[in-house]
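Beneath this line is the structure, given in structure tokens, with notes to follow.
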Amino acid sequence: MTHPVLKTSIPYFIADGSVHFRLGGELTSLEDADGRVSRLLSLLDGTRTPEEVHRDLHAVHPDVTADDVREAIAELDALRLIQSADDAGDDFDGPARERWSNNLGFFETYASLHASKYDFQRRIRDARVAVLGVGGIGSHALIDLVAIGFEDIRIVDFDRIELSNFNRQILYGEPYVGRVKVEVAAERARALNSGVRIDPVQRRLMSGDDVYEVVRDRDIVIAVVDRPKVHIAHWLNEGCVRAGTALIVGGVDTQRALHYTIVPGVSGCIECWYDQVRGTDPTSLAVMNVLDEIDREGGTFGEDTAAFNGLVLFGAGFLVAEMVRIASRVCPPLSVGRMLEMTFHDPRLREAETWKRDPRCATCGDARPKPSLEWLAGDIGPLPL
């Protein structure tokens, strides 16, 4: 039995014969000429069923029917102004409620009579995730994931800390020079949340099999591995598709930050993408072939000399937000099957490329997502951008 309750995170006030709700700088106004709307709202305190709300509202406004109340509650729910009081989050103890109180306030704005703010946080808590590469973007992303409430995180990197890292890799500092990155990153993560389960893996990923080994039990992966620059994308794709794991890839390319997401069995994979480029864009194909040759010879790329923290921050934020969307199901992810980008001098997020799933693809044609990702296979509606 549902007990609807107004959201405390969305304030309202009464003026000019209407009730006005304010969320994110926007107003939602409901006409209230005779006060019945404000009376209805006062009854939505989480202690009454819709039938009991009608009983008490009918006592003041006898012309109000049970259908009127049900329709009004449905409209308030569609406007995301109410939620159910039935889920009290009893599995969150006192310290957890305090730690995640601001998360829960945020998730409450997305809650409804059928989606609890606690469920969003539970899915984050229970998700099995990984960060591949804890350098610039990865170090930012890791500490943000811990702060948000992900509690089962594997981190993978082979590198040691160097002085040149410190313009953007915020987990590290001068006392750590020479130490293994994943060890220090794990220490810093545990210092933020002693309950987090961090699995540090010092390993260089050199094949699709290597990737599969570190992601096969993960639901979602953030990958910010940049060596070898071209081939690593194919290895990440192969390993994650084989595991049914969602792959969120991001990076900083000189003046721009970019990211894209692949969900096996839902979106096209990198091989689908590259095949479409090969068939439709001869210039890009020529560039890809040159980059591939440089990579095979162990050469360096010009953009590897540039990494600015402002763009790293943006990039990490995009990746973390996308992981939260996928893990919590609070709203659809934005970058599944398409690359989104922004530049430092024009920080508007825009679609750079998109691709379709090829059912004949040898890599992902028969792929299936993990059960936690199956909701993405349904109709998630139109996306912005």
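Things to note:
- Looking across R242, R188, R218, one residue alone is under 15 Å from R368 (Cα atoms), at pLDDT 95 or above and open to solvent by 50 Å² or more (accessible area, probe 1.4 Å). It is R242.
- Apart from one condition, P200 fits all of (1) assigned to a loop (DSSP other than H, G, I, E, B); (2) buried (at least 17 other Cβ atoms within 10 Å of the Cβ); (3) at pLDDT 95 or above; the exception is (1).
- Residue identified as surrounded by 14 or more Cβ atoms within 10 Å (Cβ to Cβ), touching a Phe, Trp or Tyr at 6+ places or on another chain (Cβ under 9 Å) and not in a loop (DSSP other than H, G, I, E, B) among L57, L41: L41
- From the list I82, I155, I73, the one residue that fits, being of a type in the set (V, I, T) and closer than 18 Å to L192 by Cα, is I155.
- Top-ranked residue of segment 221-239 - restricted to ones that are over 23 Å from L313 (Cβ atoms), touching a residue at least 60 places away in the same chain (Cβ under 8 Å) and not aliphatic (A, V, I, L, M), ranked as least open to solvent (accessible area, probe 1.4 Å): N237
- Yes/no for A186 being under 22 Å from the mean Cα position of the chain (by Cα), assigned to a strand (DSSP E or B), more than 30 Å from R22 (Cα to Cα) and small (G, A, S): no
- Filter pass, A33 being in contact (Cβ under 8 Å) with a residue 12 or more places away in the chain, assigned to a helix (DSSP H, G or I) and over 13 Å from V5 (Cβ atoms): no
- Restricting attention to segment 121-151 and to residues that are in contact with a helix residue (DSSP H, G or I) (Cβ under 7 Å, 6 or more places away or on another chain) and farther than 30 Å from P228 by Cα, the residue that is most open to solvent (accessible area, probe 1.4 Å) turns out to be R123.
- Number of the exception - I73 against (1) assigned to a helix (DSSP H, G or I); (2) closer than 22 Å to A321 by Cα; (3) in contact with a helix residue (DSSP H, G or I) (Cβ under 7 Å, 6 or more places away or on another chain): (2)
- Checked against the criteria, I170 counts as on the phi < 0 side of the Ramachandran plot, in contact with a helix residue (DSSP H, G or I) (Cβ under 6 Å, 6 or more places away or on another chain), modelled with pLDDT under 95 and among the β-branched types (V, I, T).
- Within segment 66-120, being aromatic (F, W, Y) and either loosely packed, with under 12 Cβ neighbours inside 10 Å or out of contact with any Phe, Trp or Tyr (no Cβ under 6 Å at 6 or more places or on another chain) (or both) holds for F92, W100, F106, Y110, Y118.
- Members of segment 240-269 found to be within 21 Å of L142 (Cα to Cα) and assigned to a helix (DSSP H, G or I), listed by number: C240
The values are calculated or read from the model by the stated rules, or taken from the named source; none is laboratory data. Note that the structure is a prediction, hence the values are computed from the model and not measured. Neighbour counts run over all protein chains shown; Cβ positions are idealised from the backbone, glycine included. Note: accessible area is taken over every heavy atom of the protein model, side chains too, but ligands, DNA and RNA are not part of it. Shrake-Rupley method; radii C 1.70, N 1.55, O 1.52, S 1.80 Å.
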